[in-house]
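This report concerns only the one structure given below.
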Amino acid sequence: MKRKKKRKSLKRSTRSRLARSKRRKSGKPKKLSRRKGKRRLRGKKTGRRKKKSGAALEAQTPDPHVVTIPAEDIARLRANNTRVRGSLLEGSRIIEWFHFIFRLDNEDFIWEMYRQILQREPDANGFYDHKQRLESGMPRVSMAASLVQSSEAEQIFMRQPSGDRNTAAFIIQSLYPAHTLDYIHGIYAQLLYREPDAARVNYELMAVNQGMPRHGLLARLLVTEEVQSLLRAANMPMPRTAAGGKNGNKNIGIFLCFGSQIAMDGEGIGRFIVRLTEGLLALENSYTLHVATTEANYRETETIFSGLRAVYSDRIRLYHSDSMETINQTVPADVWIVPYVGMGLAQYLQRPYIVCLHDLVYLHFPNLYAKDMDHYQYIHSLAEKITKNAAIVVFDSEYIRNHEGLSFLSLPVHQTEVVRFAAPHEEYTSFGSRTELEFRSKYNLFGPYLTFPSVIRLHKNHERLIDAFHRFRLTDLGRASGLKLVFTDDLNNRPRQQEITAALNVIGDAQTRSSIIFMGRIPSADLPSLYKYANGVIVPTLFEGSCPFPIVESLLMDTPVSFGRLSVVQEVIPDMSSFATFDPLNPIEMSGAIARLYMEGKSVVPQQKAASGGLLQRSWADVAADYAAIIGRIS
């Protein structure tokens with residue numbers, strides 16, 4: 001046994017020497033040798049090495065279950081994707097981008113679809129899984145739909161518009177805050193190049209009401225044969241553009257297709273469009289007016305136009321549909337008037353349109369509107385689209401044209417017009433006014449009162465007016481006056497409810513507290529009486545797009561008015577000396593204005609009317625004539 005062991009040891013030693021000799025001749029690095037069970041470089045003295053912890057060893061050891069994409073493949077795919085991104089133009093529709101992307105090879109297709117939907121590069125597992133599925137025959141639209149329906153995609157779609165502007169996710173982010181009706185039309189326009197017909201709108205609305213999420217609607221539309229047919233087509237269809245007017249632009253469309261149900265009677269937009277419609281019908285142009293609205297707002301539209309339809313039954317017609325395809329096909333309008341820039345469905349009109357941009361108040365008070373900024377960013381995106389495609393954008397004042405139109409939206413001057421509104425002579429004449437006893441009895445409104453006729457909005461400044469009124473009532477004059485403060489809206493579930501309630505809770509005196517009345521919205525026909533029997537009207541609003549309606553409406557009914565010093569008011573009332581004006585941010589100044597308004601009473605009305613002469617003399621027939629001149633220029 002010893003002899004065999006000795007020979008074995010000799011052979012091993014001989015082999016080792018030969019190996020070392022060969023390594024020296026070839027210049028190869030020395031191999032680690034074993035000595036007493038330890039590994040070290042031969043001929044090199046080393047100190048003791050610290051024993052590595054289990055965590056460090058685990059970090060050094062690659063996990064065999066982790067899939068990675070080789071670095072050279074990542075570099076190649078990124079380089080390819082850079083070229084793909086450069087080929088996708090901002091402002092195109094999603095279907096146009098997909099038409100190009102669906103022609104890429106599988107790897108580039110997967111890489112770009114992750115960017116389009118998830119706004120990131122694919123992880124290795126997702127990349128190889130989708131690649132294997134595509135190579136096994138899965139349709140590309142199915143892969144796109146699966147990404148769209150993922151929980152990650154939904155979270156991305158719910159963000160504010162962000163990331164690359166030439167991605168489907170960016171477009172969907174801008175559509176997600178929209179009303180359901182606007183969202184449905186938006187995804188059809190983005191994926192099908194058309195508006196949905198009435199049957200499809202009803203079908204999609206039913207799906208939403210039954211709980212289908214918005215990204216589910218998008219995914220379902222993506223796998224339809226119509227979308228796949230567009231993706232297979234050699235070329236994309238040409239987008240439809242608004243056609244020119246015909247028949248001398250005698251058929252005027254009034255577009256009231258709001259995305260959700262709204263109350264138009266008593267609202268500024270509702271009153272504005274009724275007055276303009278009446279003015280257009282009174283002209284000698286023999287216009288026929290075609291009023292289009294949605295199903296949810298049809299009854300309200302019937303109500304606000306009932307008086308005009310009784311007088312002009314053959315020249316004013318109502319249409320209602322939730323489908324813009326139906327509206328475009330059935331309403332014979334040569335030119336449309338869109339009274340509110342936030343009506344998203346207006347972007348799908350196929351005839352020229354005039355859009356009225358009254359203001360974008362959230363741009364002036366970002367902190368005040370910060371809580372709902374997602375909504376207002378959506379409104380702003382609509383304003384950009386709708387004004388860009390409008391034949392003419394009409395503003396109520398130079399101030400708003402300069403700020404909203406030329407500055408914020410960068411519109412060319414030739415695309416803008418200023419048309420000032422007018423006092424509602426015609427409307428108030430048709431309404432008449434109730435007897436004082438009849439009106440006061442109807443609303444239990446006895447005794448002297450001031451009023452601010454307005455719905456509650458974030459910038460309307462109700463809480464500071466309450467503070468100012470409280471300060472006035474604490475004075476000797478205020479206590480003796482017995483004056484009430486009347487608002488024409490409800491307090492519950494309204495903007496600034498918390499701040500308004502806090503202002504009310506400061507009032508310790510029960511009599512003063514009960515003198516502040518929220519009477520709710522009243523019919524437009526009762527507004528003349530509200531003004532007529534008031535001791536005065538006070539307008540504390542922080543901002544308006546034009547001279548506030550209550551100023552001229554109050555003076556029209558021979559009631560004095562007090563208001564905040566705003567730039568838009570100074571455009572039309574340069575001499576304010578006969579008015580009790582104030583800084584709308586200063587309740588102390590406002591309280592002094594209330595005292596002056598009460599003391600001067602109706603004796604100051606002639607001076608105030610003289611100072612507002614140009615504005616008060618202007619009628620809605622004059623406003624309509626200005627719109628008719630614009631309509632005549634559109635071809």
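Computed values, structure above
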quantity: Tally, over region 63-93, of residues that are in contact with a helix residue (DSSP H, G or I) (Cβ under 7 Å, 6 or more places away or on another chain) and not aliphatic (A, V, I, L, M); calculated: 5
quantity: Some residue of region 560-576 being within 23 Å of F431 (Cα to Cα) and buried (at least 21 other Cβ atoms within 10 Å of the Cβ); calculated: yes
quantity: Unique match (being under 30 Å from S306 (Cα atoms) and crowded, with 16+ Cβ neighbours inside 10 Å) among R496, R440, R471, R464; calculated: R440
quantity: Matching strands (runs of 3 or more DSSP E) fully within region 522-614 where at least 1 residues are at pLDDT 95 or above and within 25 Å of C356 (Cβ to Cβ); calculated: 536-539, 561-564
quantity: Test: residue in region 219-227 that is under 30 Å from I392 (Cβ atoms), out of contact with any Cys (no Cβ under 6 Å at 6 or more places or on another chain) and in contact (Cβ under 8 Å) with a residue 12 or more places away in the chain; calculated: no
quantity: Residue among R521, R513 that alone is more than 25 Å from R420 (Cα to Cα) and in contact with a Gly (Cβ under 6 Å, 6 or more places away or on another chain); calculated: R521
quantity: Criterion violated by I254 - all others in (1) in contact with a Lys or Arg (Cβ under 9 Å, 6 or more places away or on another chain); (2) modelled with pLDDT of 95 or more satisfied; calculated: (1)
quantity: Qualifying positions in region 97-130 - in contact (Cβ under 8 Å) with a residue 40 or more places away in the chain, aromatic (F, W, Y) and closer than 21 Å to L231 by Cβ; calculated: W97, F98, F102
quantity: Residue, nearest to A370 (Cα to Cα), within region 499-515, restricted to residues that are of a type in the set (V, I, T) and buried (at least 18 other Cβ atoms within 10 Å of the Cβ); calculated: I500
quantity: Per-region count, region 161-185, residues over 18 Å from Q119 (Cβ atoms) and surrounded by 21 or more Cβ atoms within 10 Å (Cβ to Cβ); calculated: 6
quantity: Any hit, region 599-611, residues being closer than 16 Å to P453 by Cβ and touching a Phe, Trp or Tyr at 6+ places or on another chain (Cβ under 9 Å); calculated: no
quantity: Residue satisfying condition, being under 20 Å from A189 (Cα atoms), in the same structural domain as S146 (by TED's automatic domain parsing), surrounded by 16 or more Cβ atoms within 10 Å (Cβ to Cβ) and out of contact with any Gly (no Cβ under 7 Å at 6 or more places or on another chain), within set E107, E112, E96, E90; calculated: E96
quantity: Condition met for Y378 (among the aromatic types (F, W, Y), part of a helix (DSSP H, G or I) and touching a residue at least 60 places away in the same chain (Cβ under 8 Å)); calculated: yes
quantity: Boolean, L280 is outside the structural domain of E90 (by TED's automatic domain parsing), touching a Lys or Arg at 6+ places or on another chain (Cβ under 8 Å) and at pLDDT 90 or above; calculated: no
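Yes or no, residue by residue, for (1) farther than 22 Å from L218 by Cβ; (2) assigned to a loop (DSSP other than H, G, I, E, B):
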site	(1), (2)
G86	yes, no
R103	no, yes
F109	no, no
E112	no, no
G126	no, no
L134	no, no
S146	no, no
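Residues are listed down the side, and each one gets a yes or a no for (1) within 31 Å of the chain's Cα centre (by Cα); (2) farther than 30 Å from L280 by Cα; (3) not hydroxyl-bearing (S, T, Y):
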position	(1), (2), (3)
S562	no, yes, no
Q570	yes, no, yes
T581	no, yes, no
R596	no, yes, yes
A610	no, no, yes
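The values are calculated or read from the model by the stated rules, or taken from the named source; none is laboratory data. As the structure is a computational prediction, the values presented were derived from the model and not from experiment. No Cβ is skipped: glycine too gets one built from the backbone with ideal geometry, and neighbour counts run over all protein chains shown.
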